[in-house]
Amino acid sequence: MAVNKAPEQRREEIFEAALSCFNSNGYHQTTIDEIAAQAGISKGGIYHHFSSKKELVIELFRNRVNRYFEYLTEQVRGAADAAQGLNVLVEKSVEIFQEHEPVLRFCLDFVAMSSREPEFRAEVAAMYRHRVATVSALIQEGIRTGIFKQVDSEGVGRALYFLSMGFFLSYFTVPLDFDPQEQHRLNLKTIMDGLIKNQ
């Protein structure tokens, strides 16, 4: 007897199947038939939830990035001050790298494809704006409370974003001859030394 599953559960199963297929074969080589087989549903079942493979990959990226940001926002919310908030943001980002490598591998491919796919680029741009705004807000709070120097908060937010994206690219494309957590701590210390007053 077939089990009726909630739409959210079925979408999650499709997302997991698509993630596996995209990581194994790449976006362009993966077919809806392969995703359906991996998910254990019919091809029509995929199209019931997503109108095309492109919509599926965009929704997968959006879903996983939003989940990532929601988790980070929740962690930062409990910080005692802006300095601790930035530390938490970086530390938890490293944890996500280490605990969710398949998702990050998929995100790297999506970001790479965004140079030729306008719809993908719009999603990557939204991720960029959200991340920079989050960091910029933390820095502005630190300035307001007297922890940080008067700096260009958006510019520093971009700097941290560029650092993390460079790490993201290197993590999957070069042999790691360093400890990722230690490198992230060094990156953060370098930024914090320039931000905190009396440093």
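The values are calculated or read from the model by the stated rules, or taken from the named source; none is laboratory data. Predicted, not measured: the structure shown is a model, and the values here were computed from it. With ideal geometry, Cβ positions are generated from the backbone for all residues, glycine too; neighbour counts draw on all protein chains shown. Accessible surface is based on the protein model in full, side chains and every heavy atom, while ligands, DNA and RNA are left aside. Shrake-Rupley method; radii C 1.70, N 1.55, O 1.52, S 1.80 Å.
Here are the numbers for this structure:
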read-out: Of residues in region 158-195 being in a helix (DSSP H, G or I) and of a type in the set (D, E, K, R), the one most open to solvent (accessible area, probe 1.4 Å); value: LYS189
read-out: Count of residues meeting criterion [touching a Lys or Arg at 6+ places or on another chain (Cβ under 9 Å) and in a helix (DSSP H, G or I)] in region 143-157; value: 2
read-out: Which listed residue is open to solvent by less than 70 Å² (accessible area, probe 1.4 Å), free of Cβ contacts under 8 Å to residues at least 40 places away in the same chain, farther than 24 Å from PRO118 by Cα and among the acidic types (Asp, Glu), from GLU74, GLU12; value: GLU12
read-out: Pairs, first free of Cβ contacts under 8 Å to residues at least 12 places away in the same chain and small (Gly, Ala, Ser) in region 46-65, second outside any loop (DSSP other than H, G, I, E, B) and surrounded by 14 or more Cβ atoms within 10 Å (Cβ to Cβ), C-beta under 9 Å, six or more apart; value: SER52/ILE32
read-out: Output for region 15-39, where each listed residue is small (Gly, Ala, Ser) and open to solvent by less than 10 Å² (accessible area, probe 1.4 Å); value: ALA17, ALA18, ALA36
read-out: Positions within region 34-47 being closer than 12 Å to ARG10 by Cβ and either assigned to a loop (DSSP other than H, G, I, E, B) or under 27 Å from the mean Cα position of the chain (by Cα) (or both), in sequence order; value: ALA36, ALA39, GLY40, ILE41, SER42, ILE46
read-out: Qualifying positions in region 77-103 - open to solvent by less than 20 Å² (accessible area, probe 1.4 Å) and either at positive phi or touching a residue at least 60 places away in the same chain (Cβ under 8 Å) (or both); value: ALA82, ALA83, LEU86, VAL90, SER93, VAL94, PHE97
read-out: Boolean, GLU59 is surrounded by 14 or more Cβ atoms within 10 Å (Cβ to Cβ) and in contact with a Phe, Trp or Tyr (Cβ under 7 Å, 6 or more places away or on another chain); value: yes
read-out: Qualifying residue in region 122-139 (condition: farther than 19 Å from SER93 by Cβ, free of Cβ contacts under 8 Å to residues at least 12 places away in the same chain and either in contact with a helix residue (DSSP H, G or I) (Cβ under 6 Å, 6 or more places away or on another chain) or not aromatic (Phe, Trp, Tyr) (or both)); value: yes
